[in-house]
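Asks: Once you've had a glance at the structure underneath, I'll fire off some questions.
The values are calculated or read from the model by the stated rules, or taken from the named source; none is laboratory data. Quantities reported herein were computed from a predicted structural model and do not represent experimental measurements. Here Cβ is always computed from backbone atoms with ideal geometry, including for glycine, and neighbour counts include all displayed protein chains.
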Amino acid sequence: MRPTTRRWLFMLSAILIIGLAASRVAPLNAKRTECKLNAAPLPESAKPSMMLRPLLALGRAPLVDFLWLRATKLKDEGRYFDADQLSRLICDLQPRFASVWAFQAWNMAYNISVTLGAAEDRWRWVSNGIDLLRDKGIPLNPNNLQLYRELGWIFFHKVADFTDEHHWYYKWQLARQVEEILGPPPPDYVGPGRSRGEFYRNYDYKPLAEAPNKFESLLQNPETAAFVKRFERFGFKVEESGVYLGIVEQITDETIRIPNGTPETEAELRHELVKMMTDPATAPIRAELEHFWRANWLRRDLKIDPAWLLELSESYGVIFDLRLGETHALYWTSKGLELGHKKSTRIDIHQLNTTRIGYFCLKNMSERGRLTLVPEVEQGMRPFLIPDLRFGEVLFDHYLAETKRIWEDTKGKVEVNINVFGGFVGFTRTLILRYAERNEMKKAREKFEFLRENFPDPMYDGGFERFLVLQFPEDRTFDDYRGTMNRLNGLIGRGLVPLAYDEDDLATPWLNRARGVYDRYHENLVAEREGLPKFEVILEGRVHEEGGRMNRSAYERMCRKLGIEPLPPKDESKANRPDVAASPATR
C-alpha cells in the first residue's frame, strides 16, 4: 500500500473514532449525573492566577510539595497566619483531593489552635478549620463522605465535647451566633416554668424552610412588593442583606435612626416607621420578610439548609437545638451519609465512622443536650448543660432498631453483640434514673418494666421502688453525720444552680430530695448531739457558697427566688470578673 493511501486511511480512522467517542459524551454525562459523579465547578479563587501559571507549567506536584514544606515551617515558627494562607493555597491547587482539605482543617482546628493560650485565639482557629471544610471543601466535593465526617467530628469533639480546656467558650460562641441568626424570643416569653432556652429547643423551622431562596420571589406578591417599596421613604433598602433585620432589632431596642431624616422630620418619620412596623395588618408580610432573611442568613453563614434541618428533625421526631455543637455534627454527618455514601461499597469505613458520630451526638444530647444561657454569659457565666430527656427516647428507639437490624442481618444465627446488649441495658437504667430525678415516674416505670421483661436481672425482683433504692443507697444511709451533710450539700447544690439560670422547674425535685434526706436522717437519729442544723440554715449556707462561684447578679437572682438576703460583695472590683464569675454547669 502506498504511503499516501496509508496516511489517508489513518486519518479517516481517527476521524471515525473521534466521532464515535463524541457520540457517547451525552450518555456518559447523563450517567455521571445519575450516579452523582459530577464535580462542582472550581471557583475563581481556586483557578491558577497569572503568577502561578508559569510555575504550574513546570509541574504542579513540585510546587505543592514546596508549599507543604513551607507551610509546616511557618507553623513551627509561630507564623500562623502566613501558614494559613499557604494552607488555603494548597487546597486551591488540589481542590479534588479530600485528604488535603481534611488535613488542613485538622491542622487549624487542632495543631495550631492548641499552641495559643487565649480562648478567643483558639476559637478563631477552630472556626478557620470548620470554615475551610464547610465553606470551601464540601462545596467543591459535595459527594465526598470523608469531608462530611471530618466536619462532623470537629463540631462534636472540639465544640460539643469537653476535651478542650476552652470548650465552654466555643459552646458560647456557637450558641451566640445561632441566637443572633434565629432571633430573640418574643417579648415576655420567659416566665414561670419556661426559660429563654425553650425558644430555641422548640424553634419552628418550618417558616424558614418554606422561605424562597431569592428575594425577587417575595416581590411576586403585590402586597409584599408594596410594603417593601414603602421603606424607600425612610432611606432603607430592605432588599439588601441585614437591613430589614436591623430595622426590626432597632425598633425593639428603640434605637432606630432614619437615614432620610432631618432634625425637623426625624421624629415624625420615626413615628411613622414604628407605626408601620407594629401595624397588625402588616404582621403576615413582616413575618414573611423576617423568615426570608433569617433563612438567608442561616444558609449564608452556617451553610445550613432549613429544609434539610426540618426534615432531619421530623425523621427523629424531635426538634434540634441548633445552638448545640452536636446538632451541627449530626446535620453534616447525616447529609454526608445521604450525599456521599457509596452504596455500591459493601464495607465503607468512612460510612461506619460517620454513623458512629451520629450515635455519639444522640448520646451526648440525652446526657447534656439542654442548653441555657443567661445575660451574665458576657461576664463569664458558663452555659448550663443538663440532660435532655427527649433524646433519651430517641436513642432508646435507635437502640431497639439497631439490635433488630443486627438480628435480621445475621438471620437470627447469632446473638446480639454483647457490647450492644450491655450498652443498651446500661443506657436504659440511666434513663430510668433521669426520669426519677425529674419526678416523671410514669416514664421511669415504663422503662423499668421493659428491662424486667426483656432483660431479666435479680436487681429487678424487688420491684420499681426497690430498684431506685439500690441506685441511690446514699439517700437512705443515715448513720454518718459527715456523709449525710456531704449528700445534702450535693443535692442542694444541684437544685440551686438551675435557679440562677431561670430553669426553676429543674430545681424543685433536687431540693425536695434534699429535704427528704434531711427528714429521714432525723427519723433514724439515735443520739441528739448528732442532729443536723436546721434545713434552712444548711440551705442558706449552700446558697452563699454556690453564689460565690457565680456572677453577682446571678447570685442575687438565686437569693431572690429563695427569699434569702444576699451577702454584700467582698470586693466590687471582682464582682463581675469572668474568672470568678464562672459557675458549675453539669455535675
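Asks: Assigned to a helix (DSSP H, G or I), under 25 Å from K570 (Cβ atoms) and in contact (Cβ under 8 Å) with a residue 60 or more places away in the chain: does that describe L539? Break it down into steps so the answer makes sense when it comes.
Replies: On the way: assigned to a helix (DSSP H, G or I): yes; under 25 Å from K570 (Cβ atoms): yes; in contact (Cβ under 8 Å) with a residue 60 or more places away in the chain: no.
No.
Asks: Which of the residues that make up the range 190-236 are under 19 Å from A281 (Cα atoms), basic (K, R) and without any contact (Cβ under 8 Å) to a residue 12 or more places away in the chain?
Replies: Hit for the range 190-236 is K229, nothing else.
Asks: Out of curiosity, is R560 outside the structural domain of L385 (by TED's automatic domain parsing), closer than 25 Å to P383 by Cβ and exposed (fewer than 13 other Cβ atoms within 10 Å of the Cβ)? Even if it seems obvious, please write down each step before you answer.
Replies: Details: outside the structural domain of L385 (by TED's automatic domain parsing): yes; closer than 25 Å to P383 by Cβ: yes; exposed (fewer than 13 other Cβ atoms within 10 Å of the Cβ): yes.
Yes, satisfied.
Asks: Okay, next question. Could you look through the range 568-577, keep only residues that are within 19 Å of R382 (Cα to Cα) and either of a type in the set (D, E, K, R) or surrounded by fewer than 16 Cβ atoms within 10 Å (Cβ to Cβ) (or both), and pick out the one that is modelled with the lowest pLDDT? Reasoning before the result, please.
Replies: Within the range 568-577, the first condition is being within 19 Å of R382 (Cα to Cα), and the residues that meet it are 574-577.
With either of a type in the set (D, E, K, R) or surrounded by fewer than 16 Cβ atoms within 10 Å (Cβ to Cβ) (or both) added as a condition, the list becomes 574-575, 577.
On the way: K574: 47, A575: 44, R577: 41.
That would be R577.
Asks: If S13 passes every condition in (1) over 24 Å from N141 (Cβ atoms); (2) modelled with pLDDT under 75 but one, which one does it miss?
Replies: Result: S13 passes all but (2).
Asks: Quick test of your reading of the structure: T224 fulfils all but one of (1) surrounded by 12 or more Cβ atoms within 10 Å (Cβ to Cβ); (2) in contact with a Phe, Trp or Tyr (Cβ under 8 Å, 6 or more places away or on another chain). Name the failing condition by number.
Replies: Going through the list (1) surrounded by 12 or more Cβ atoms within 10 Å (Cβ to Cβ); (2) in contact with a Phe, Trp or Tyr (Cβ under 8 Å, 6 or more places away or on another chain), T224 breaks only (2).
Asks: Something else now. Please enumerate the residues belonging to the range 270-301 that are among the aliphatic types (A, V, I, L, M) and crowded, with 19+ Cβ neighbours inside 10 Å. Even if it seems obvious, please write down each step before you answer.
Replies: Restricting attention to the range 270-301, the residues satisfying the condition of being among the aliphatic types (A, V, I, L, M) are 273-274, 276-277, 281, 283, 285, 287, 289, 295, 298.
Once the filter is applied, which keeps residues that are among the aliphatic types (A, V, I, L, M) and crowded, with 19+ Cβ neighbours inside 10 Å, the range 270-301 yields L273, L289, A295, L298.
Asks: A follow-up question, please. Residues in the range 238-247: is at least one in contact with a Pro (Cβ under 8 Å, 6 or more places away or on another chain) and in a loop (DSSP other than H, G, I, E, B)? Steps first, answer last, please.
Replies: In the first step, residues of the range 238-247 are kept if they are in contact with a Pro (Cβ under 8 Å, 6 or more places away or on another chain); the result is none.
No - not one qualifying residue is present in the range 238-247.
Asks: Further question: Tell me yes or no: at least one residue of the range 170-193 is acidic (D, E), more than 16 Å from the chain's Cα centre (by Cα) and within 28 Å of E326 (Cα to Cα). Working first, answer last.
Replies: So the first thing to find is which residues in the range 170-193 are acidic (D, E), and the list is 179-180, 188.
Narrowing the set further to residues that are more than 16 Å from the chain's Cα centre (by Cα) leaves 188.
Next, only the ones that are within 28 Å of E326 (Cα to Cα) stay: none.
Looking for residues that are acidic (D, E), more than 16 Å from the chain's Cα centre (by Cα) and within 28 Å of E326 (Cα to Cα), one finds none in the range 170-193, hence no.
Asks: If we keep just the residues of the range 184-209 that are in a helix (DSSP H, G or I) and touching an Asp or Glu at 6+ places or on another chain (Cβ under 7 Å), which is farthest from R368 (Cα to Cα)?
Replies: Y200
Asks: Determine, yes or no, whether E565 is modelled with pLDDT of 90 or more and either part of a helix (DSSP H, G or I) or touching a strand residue (DSSP E or B) at 6+ places or on another chain (Cβ under 8 Å) (or both). Outline the logic, then answer.
Replies: On the way: modelled with pLDDT of 90 or more: yes; either part of a helix (DSSP H, G or I) or touching a strand residue (DSSP E or B) at 6+ places or on another chain (Cβ under 8 Å) (or both): no.
Here the answer is no, as E565 does not meet what is asked.
Asks: Do you know which residues across the range 139-183 are without any contact (Cβ under 8 Å) to a residue 24 or more places away in the chain and not in a helix (DSSP H, G or I)?
Replies: Passing the criteria: F162, T163, E165.
Asks: Across the range 91-143, what is the number of residues that are under 20 Å from D65 (Cβ atoms) and more than 20 Å from the chain's Cα centre (by Cα)?
Replies: Within the range 91-143, residues that are under 20 Å from D65 (Cβ atoms) and more than 20 Å from the chain's Cα centre (by Cα) number 16.
Asks: Among the residues that make up the range 336-348, is at least one of them in a helix (DSSP H, G or I) and either in contact with a Phe, Trp or Tyr (Cβ under 6 Å, 6 or more places away or on another chain) or closer than 30 Å to P222 by Cα (or both)? Explain how you work it out, then say what you get.
Replies: The initial filter retains those residues of the range 336-348 that are in a helix (DSSP H, G or I), namely 336-339.
Narrowing the set further to residues that are either in contact with a Phe, Trp or Tyr (Cβ under 6 Å, 6 or more places away or on another chain) or closer than 30 Å to P222 by Cα (or both) leaves 336.
Yes, the conditions are met somewhere in the range 336-348.
Asks: Just to be sure before I move on: is D161 modelled with pLDDT under 80 and either more than 27 Å from E367 (Cα to Cα) or within 20 Å of the chain's Cα centre (by Cα) (or both) in the structure I sent?
Replies: Values: modelled with pLDDT under 80: no; either more than 27 Å from E367 (Cα to Cα) or within 20 Å of the chain's Cα centre (by Cα) (or both): yes.
For D161, the condition - modelled with pLDDT under 80 and either more than 27 Å from E367 (Cα to Cα) or within 20 Å of the chain's Cα centre (by Cα) (or both) - is not met.
Asks: Return only the number of the condition from (1) hydrophobic (A, V, I, L, M, F, W, C); (2) surrounded by fewer than 21 Cβ atoms within 10 Å (Cβ to Cβ); (3) under 22 Å from I319 (Cα atoms); (4) not assigned by TED's automatic domain parsing to the domain that holds E288 that F156 does not satisfy.
Replies: The one condition F156 does not meet is (2).
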